[in-house]
Structure formats: structure tokens, C-alpha cells
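Inspection log for the structure reproduced underneath, given as C-alpha cells.
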Amino acid sequence: MQNQTINDRRLRSGSGVGGRNGRSSQHQKLKGADARPERPSPIETLTKTNVLTVHAAPLIRFGLARFLETSGRFEVCAETDDVPTARQLFVQQQPQIVVLGLTLRGGDGIELIKDFRKLNPSARTIVLTTREDPLSMQRAFRAGARGYLVTTDPLPEILIALDQILSGNLYVGPSVLRRLLGNLANGAIESVTSELKHLSDRELQVLSLIGRGFGASRLAHELHLSVKTIETYQMHIKEKLGLRSAAELSEKATRWMMHSARRNLRFKKQASRKNGHTSPNPLVGPC
């Protein structure tokens, strides 16, 4: 997976974010003869807000860079799908905003939000994910996220979210808002969180990966931890959830993941029936 800063691309193409994939000459023709030069002026560059994209889906990273470029107000300064690289890029590029997914290579989005908050409390983070369950939303905002969007929200929604969090507000996308209101109405948020509320963010991450079929060795590799540390987390989870064996833990994790997936699917079907159509230009991709 390609992990590199936009500055690196400039060295190769001389066209900033838009220089990727040989864009420059073709895009200049599409914009017309009276279009401004591809290279922004020093004043334009200074006034743009730098955005770091940390997401597992290359299509989403590419689409975000192109879309934000057209706004004239935001610029993707770097992108990656890898947690250790994301930390390095955050320190090097000092972005004002980070757009990230919750499932990443080499770590977890929730923990990364906490790291960013410690490294630079003034930077704002927006989650862009497929997860619509109340627990993921709650954990993300508790970790320090300022916004939460799902990949089925239309592309223009990201600009609204960026403007809102830059103004100091919290923001949730329309799909998330409908889900939150629905859960508040039927009491689902309390029932979902009550069972797992005693788990730490890392323990919840381990539980979700167990539910996806990860064994101890694979968990250790994925989270960059020792197998012994993973076994300690598993032991703590069993104690907190009243489970007696690894088999019960695996069954519990699998049932929880399946239940969350069914709830998400049911809500999407309900939302689709209410809307009667799919929102335009959705951001699609994993996690």
C-alpha cells in the first residue's frame, strides 16, 4: 500500500495533490483555457487547511483528495492506511484536520484518535467509517473525535463537517443522526453499551477482532503487541464479561459482531425505504 506525502508527489509531478496519476495536463484541458495554473499561488497555499487522510480504502483516500481539492479551501497534505506511519505523518505535516477510518493496518482508529489528541490537542479528527453502531460512535467521541460520518453519506457532507469542526462544533452525518435518534427512541443505545461498558477501548478492539476470527498470534501481529499481552487482554475480557473459557469468549465475540452487523443492515434497509433512493456521490469502501 502506498504511503507517502503529497509533497513527495509534488517533487515528481509539480502539481500538488492533483498531480497524482498524471493528472496535470489532462485536468488542465478539462478546466478550460481560462483556468488558473495548476500550481497554487503562495497566498492560496497559506490559506488552505491541511488534511491528513488515514483510511484503509485507497478509493476513499483518492476520492477525498480530489474532492477537497475542488473546494479550494482544503488540501490533503498526506495519506496512509497504516497506524505507525500515520503517527509519523501527523508529527511531520502538522495537519489541522485528520479524516480517518476505524479499522487500519497495524492498529486501531480509536487509539490513534487518542494519540493525535495527545500530540496536538488543537488538531481536529473526523471519523469516516462503515460502522454505525452506537458503541463505536460513543468510543470515537470519547477518544476525542469531533465528527462522525459513514461512507454512505454524500460527498458534500464532508465539507459541511470540516467547516463545522473548524468552527469548534461537533458534527455527525445525516445517516449517523438518523441512527442515533432511532436508538434513542427505542432505548437501544443503553442496551448495547451496558453489556460492554466496563471494557476499555483496547479490550473492545481485541473483542471485535476475536469476533472477526483473529487468533492470539494474528492479534499480536495486527496490534503490534506480544502474544502474552494479548492473552492478558483476553483474560481481562473474560473476567469482565463473566466468561469461563476461550471458547466462550470466541462465541461471545462472534455473536456480538453478528448482532452489530444485523442491526446495521436492518437500519440501512429502513433508511433506504424512507428515502426511496440512495444519496448521491456516497463515499464507499471498507471501514
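The values are calculated or read from the model by the stated rules, or taken from the named source; none is laboratory data. As the structure is a prediction and not an experimental result, all values here were calculated from the model. Methodologically, a virtual Cβ is constructed for each residue, glycine included, from the backbone with ideal geometry; neighbour enumeration extends over all protein chains shown.
Mind counting the residues in region 210-241 that are in a helix (DSSP H, G or I) and either charged (D, E, K, R) or in contact (Cβ under 8 Å) with a residue 24 or more places away in the chain (or both)?
So in region 210-241, the residues in a helix (DSSP H, G or I) come out as 210-211, 216-223, 227-241.
Restricting the remaining residues to those that are either charged (D, E, K, R) or in contact (Cβ under 8 Å) with a residue 24 or more places away in the chain (or both) gives 210-211, 218, 222-223, 228, 230-231, 233-234, 236-241.
Number of matching residues: 16.
Within region 242-253, can you find the residues that are assigned to a helix (DSSP H, G or I) and either touching a Pro at 6+ places or on another chain (Cβ under 8 Å) or small (Gly, Ala, Ser) (or both)?
Going through region 242-253, the residues assigned to a helix (DSSP H, G or I) turn out to be 246-253.
Passing the criteria: Ala246, Ala247, Ser250, Ala253.
Can you find a residue that is β-branched (Val, Ile, Thr), crowded, with 24+ Cβ neighbours inside 10 Å and part of a strand (DSSP E or B) anywhere in region 61-80?
yes
If you go through region 84-125 one residue at a time, how many are free of Cβ contacts under 8 Å to residues at least 40 places away in the same chain and surrounded by 20 or more Cβ atoms within 10 Å (Cβ to Cβ)?
First, the residues of region 84-125 that are free of Cβ contacts under 8 Å to residues at least 40 places away in the same chain: 86-88, 90-91, 113, 115-123, 125.
Among the residues that remain, those that are also surrounded by 20 or more Cβ atoms within 10 Å (Cβ to Cβ) are: 86, 90, 113, 116, 125.
Summing the residues that are free of Cβ contacts under 8 Å to residues at least 40 places away in the same chain and surrounded by 20 or more Cβ atoms within 10 Å (Cβ to Cβ) in region 84-125 gives 5.
Output the number of residues of region 167-209 satisfying the condition of being part of a loop (DSSP other than H, G, I, E, B), surrounded by fewer than 16 Cβ atoms within 10 Å (Cβ to Cβ) and at pLDDT below 85.
We begin by selecting, within region 167-209, every residue part of a loop (DSSP other than H, G, I, E, B); these are 167-170, 173, 187, 197-200.
Adding the requirement that they be surrounded by fewer than 16 Cβ atoms within 10 Å (Cβ to Cβ) leaves 167-170, 187, 197-198, 200.
From what's left, at pLDDT below 85: 187, 197-198, 200.
Counting residues in region 167-209 that are part of a loop (DSSP other than H, G, I, E, B), surrounded by fewer than 16 Cβ atoms within 10 Å (Cβ to Cβ) and at pLDDT below 85 gives 4.
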